[in-house]
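The values are calculated or read from the model by the stated rules, or taken from the named source; none is laboratory data. Quick caveat: nothing in here was measured; it's all calculated off a predicted structure. Cβ placement follows ideal geometry from the backbone for every residue including glycine, while neighbour counts extend to all protein chains displayed. Accessible surface areas use protein heavy atoms only, side chains included; no ligands, DNA or RNA. Shrake-Rupley method; radii C 1.70, N 1.55, O 1.52, S 1.80 Å.
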Amino acid sequence: NKTTLQYKDLLDSLSCMMSVSSNRSRARFSVRGLFYYKKDAGLRIDIMGPFMVPAGSIFYSDSLRILPEEFNSEMKNLFGDNGETIEDIAELVARFFDGRFVNEFFDPSVMEKKRRRWITFEKQFSSVRIDYRRRRVVRYKYFSNSGYEVLAEMKDFTSIDGINIPKKIDVRIPELRQRFTLKLTNISINQDAGKELFKPAESAPAPEAK
């Protein structure tokens, strides 16, 4: 399907400003940072403190790493768990941009439902909804590595070099009663981003925000 394969085949890297806000009634918060993604390297988010001074970094490839250690504790306290929620969000973004979720639906057990401009592909524990007229993935449901059901809705798309990028992603984790909104601005794609940027132990300083 050309809609889903555009991420897998055409998107090598992406950088932007990203904000993550929580809509929980008891613990509302918002954090902002510089986001970097590169195919086969993972993602990195440099969280900004007051006056846009970097407070710490989140790395995700096959697993989550938050540095420095005191920032690790601060982020876990902010999200109210042991890091599962942060990892679930990072995993969701990585799955979406690297096209990994596409492989889930090349399976004989997948059911296809078509209605108006939507096509929904469903299997036992996951589903994806596509606006096939506009070539957009608009909804994705799956079970994360931490074992929770994650529901994501992609909105406010912008087309960059023929690739439809959502500027807003609403995320729900029903079992944890968690709701988050991710917003992306100042998006650039397929710029030269070295893999060393995504290695926590030897990570290079992040590029300055433009």
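For the chain, the relative contact order comes to 23 percent (Cα pairs under 8 Å, sequence separation of at least 6).
Only one item in [x] 1.10; [y] 1.00; [z] 1.16 matches Cα Rg over 2.2 N^0.38 Å derived from the coordinates shown, and that item is [y].
Ordering ASN103, VAL150, SER127 by the projection of their Cα atoms onto the charge dipole of segment 74-210, which places +1 on the Cβ of Lys and Arg and -1 on the Cβ of Asp and Glu, puts SER127 at the extreme positive end. Once the C-beta distance of GLU175 and VAL53 is scaled by a Förster radius of 41 Å, the resulting FRET efficiency is 0.70 to the nearest 0.05. In this structure the chain gives 55 Å² per residue of accessible area when probed at 1.4 Å with all protein chains present. In a fully extended conformation the segment linking ARG134 and SER63 would gain 22.2 nm over its present Cα-Cα distance, using 0.36 nm per residue. 3J(HN,Hα) couplings calculated from phi for segment 134-147 with the Karplus curve 6.51 cos²θ - 1.76 cosθ + 1.60 (θ = phi - 60°) are, in sequence order, 9, 6, 9, 7, 10, 8, 9, 10, 6, 9, 6, 5, 7, x Hz; Gly and Pro show x. Measuring nothing but how far apart in sequence close Cα pairs (under 8 Å, 6+ apart) lie, relative to its length, segment 21-72 scores a relative contact order of 21 percent. For the chain, the dipole from Cβ point charges (+1 on Lys and Arg, -1 on Asp and Glu) about the Cα centre works out to 1380 debye, to the nearest 20. Ligands, DNA and RNA left out, the 1.4 Å accessible surface of the chain is 45% carbon and sulfur atoms.
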